Amino acid sequence: MTEKVKESIIIIMEKLLEIKNLNLFFGENQALYDVNLILEKGKMHALAGESGCGKTMTAMSVMRLLPKSAVIKSGEVIFKGDNILYYTENQMRELRGNRIALIPQDPMTSLNPLYTVGNQLIEAIRAHSKVSHHQARRKAKEVLDMVKMPDIDNKLSAYPHELSGGMKQRIIIAMALGTNAELIIADEPTTALDVTIQKQIMDLLDEIKKELGTTILLISHDLALVSNYADSISVMYSGHIVEEAEAEEFFKNPLHPYSRALLNSLPTRNPMLKLKTIEGTPPSIQEKISGCKFHPRCDLCVSNLCTKEQPVLKEKTLKHYSACLVK
Ligand SMILES: Nc1ncnc2c1ncn2[C@@H]1O[C@H](COP(=O)(O)OP(=O)(O)OP(=O)(O)O)[C@@H](O)[C@H]1O
Ligand code: SF4
Ligand SMILES: [Mg+2]
């Protein structure tokens with residue numbers, strides 16, 4: 001493909017958010033290393049990887065809701081052309097309420113147990129648009145209908161503890177819709193839910209993306225789920241993005257040894273096939289590992305190369321990036 005064709009492909013895609021070379025520290029320990037991520041408007045991008053690799057810290061850097069001890073030492077988070085790392089807290093509050101919504105793993109962290117669902121939904125809507133209580137209530141019913149909430153009038157007067165996990169997650173999604181968020185960050189939105197409800201919530205996010213053009217960052221350690229819904233994917237390992245591609249291409253042709261190992265460890269429909277789990281565990285951020293961080297667990301490790309040199313993300317085939325010195 002010529003440079004000109006490549007250029008036109010890049011121009012067609014519209015970036016909503018871009019993270020550039022983000023480096024995040026807890027004291028001396030680095031949690032994110034030069035993280036780069038592009039979210040295209042109206043697409044679902046997945047951020048995948050094992051526990052502790054930095055998925056939530058990446059999301060929280062965008063929301064600017066990091067733990068107090070976390071420090072962003074360098075990097076940019078560009079939302080619609082603005083570096084929001086320079087935003088004041090007031091500007092951030094406005095952004096979080098209106099344009100970027102977070103669906104956390106545990107919905108109770110976003111719902112106040114002391115107020116009814118209706119109250120919280122109406123307040124969220126009124127905080128972001130100048131409408132009367134009556135109009136906000138009508139909008140609340142509309143968004144609850146959009147998230148297919150059964151028995152809406154009763155739900156409006158229910159307290160969060162009276163709802164199931166799946167229903168609470170629908171309420172959070174309804175809140176995002178009520179404020180017309182352009183970007184929804186869904187951090188393991190279905191981990192606590194059983195499989196049927198998991199599918200309903202993911203189908204709902206997919207519908208929102210397709211019908212409203214909402215951009216979604218799906219954070220998940222579950223590659224099977226990602227393969228069913230995401231348009232593109234970044235795989236993280238120990239604070240580094242190690243692979244990035246369109247989802248279809250990634251699942252057809254995974255390049256990085258870590259991605260391959262993750263995919264090999266997925267349960268298959270054939271019970272006769274034994275699962276190949278990845279040996280060992282990911283390092284903690286206190287552990288200093290020379291060269292490629294994955295080398296102690298990698299089948300392809302070339303000892304005198306991989307233990308010395310730090311691989312960087314490179315385009316191996318068109319729009320398919322991998323950070324490996326060997327493959
Ligand atoms: N408050 C904190 N203080 C010190 N280190 C932290 C803190 N919060 C997170 N970390 C570290 O930062 C790294 C990235 O954490 P993060 O929560 O982003 O992981 P994750 O990929 O979201 O994992 P999980 O899948 O378990 O949610 C981890 O190694 C974690 O130990
Ligand atoms: S750089 Fe070496 S150790 Fe790292 S993933 Fe590639 S082959 Fe494995
Ligand atoms: Mg997390």
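The values are calculated or read from the model by the stated rules, or taken from the named source; none is laboratory data. Model, not experiment: these values are computed from the prediction. Note that each Cβ is placed from the backbone with ideal geometry, even for glycine, and that neighbours are counted across all protein chains shown. Note: areas computed on protein heavy atoms with side chains; ligands, DNA, RNA excluded. Shrake-Rupley method; radii C 1.70, N 1.55, O 1.52, S 1.80 Å.
Annotations
- Per-residue ellipticity at 222 nm computed for the chain from its helices equals -10500 deg cm²/dmol, with DSSP H segments shorter than 4 residues left out and the rest contributing -39,500 (n - 2.57).
- Here the 3J(HN,Hα) profile of segment 96-111, calculated from phi with Karplus coefficients 6.51, -1.76 and 1.60 at θ = phi - 60°, is 5, x, 9, 10, 10, 10, 10, 9, x, 4, 10, x, 5, 6, 9, 9 Hz, Gly and Pro shown as x.
- With semi-axes defined as the square roots of five times the eigenvalues of the C-alpha gyration tensor, the equivalent ellipsoid of segment 160-237 measures 19, 17, 11 Å, largest first.
- Globularity ratio of the chain, using Cα Rg and 2.2 N^0.38 Å: 1.05
- Among Val195, Val117, Val143: highest mean-square fluctuation, GNM of the chain, C-alpha pairs under 10 Å: Val195
- As a rough guide to protection, the peptides 210-217, 170-177 ranked by mean Cβ packing within 10 Å, highest first, stand as 170-177, 210-217.
- Between helix 117-128 and the chain: long-axis angle, C-alpha atoms, 0 to 90°, nearest 10: 80 degrees
- Averaged per residue, segment 111-180 has 51 square angstrom of accessible surface, using a 1.4 angstrom probe with ligands and nucleic acids left out.
- All other residues whose Cβ lies under 14 angstrom from that of Asp299 are scored, Lys and Arg at +1 and Asp and Glu at -1, for a net of +3.
- Placed amide H near Lys316: partners under 5 Å, 5+ positions off or other chain: Tyr321, Ser322
- Residues whose amide H comes within less than 5 Å of that of Ile103, counting only those at least five positions distant or on another chain, are Ile185, Ala186, Asp187 (H built at 1.01 Å from N in the peptide plane).
- Reduced Cα scattering model of segment 228-307, Debye log10 I(q)/I(0), q = 0.17, 0.23, 0.25, 0.27 Å⁻¹: -0.79, -1.20, -1.28, -1.35
- Sequence ranges 63-71, 290-298, ranked by mean other-Cβ count within 10 angstrom, highest first: 290-298, 63-71
- Since only Leu85, Ile19, Ser69 are under comparison, the one whose Cα sits farthest along the positive direction of the charge dipole of the chain, derived from C-beta charges on Lys, Arg, Asp and Glu, is Leu85.
- Taking amide H positions as modeled 1.01 Å from N, with prolines and chain starts lacking one, the residues under 5 Å from Met236 and 5 or more places away or on another chain are Ala48, Gly49, Val242.
- Cβ-placed point charges (K, R +1; D, E -1), dipole of the chain about Cα centre in debye, nearest 20: 140 debye
- Residue-level accessible surface for Met57, protein heavy atoms, 1.4 Å, Å²: 40 Å²
- According to the Kirkwood relation over distinct C-alpha pairs, the hydrodynamic radius of segment 111-180 is 11.6 Å.
- Dipole axis of the chain (+1 Lys, Arg; -1 Asp, Glu on Cβ), positive-most option in Gln169, Gly291, Phe251: Gln169
- FRET efficiency, 1/(1 + (r/R0)^6) with R0 51 Å, evaluated for Lys308 and Arg99 via beta carbons: 0.70
- Folded to 0 to 90 degrees: helix 165-178 orientation relative to the chain principal axis, Cα: 80 degrees
- Within the accessible surface of segment 111-180, defined with a 1.4 Å probe on protein heavy atoms only, the carbon and sulfur portion equals 51 percent.
- Phi to ³J(HN,Hα) by Karplus 6.51 cos²θ - 1.76 cosθ + 1.60 over segment 308-316, Hz, x for Gly, Pro: 10, 9, 8, x, 10, 5, 10, 6, 8
- For the chain, the longest principal axis of the Cα atoms and the long axis of helix 195-212 meet at an angle of about 80 degrees.
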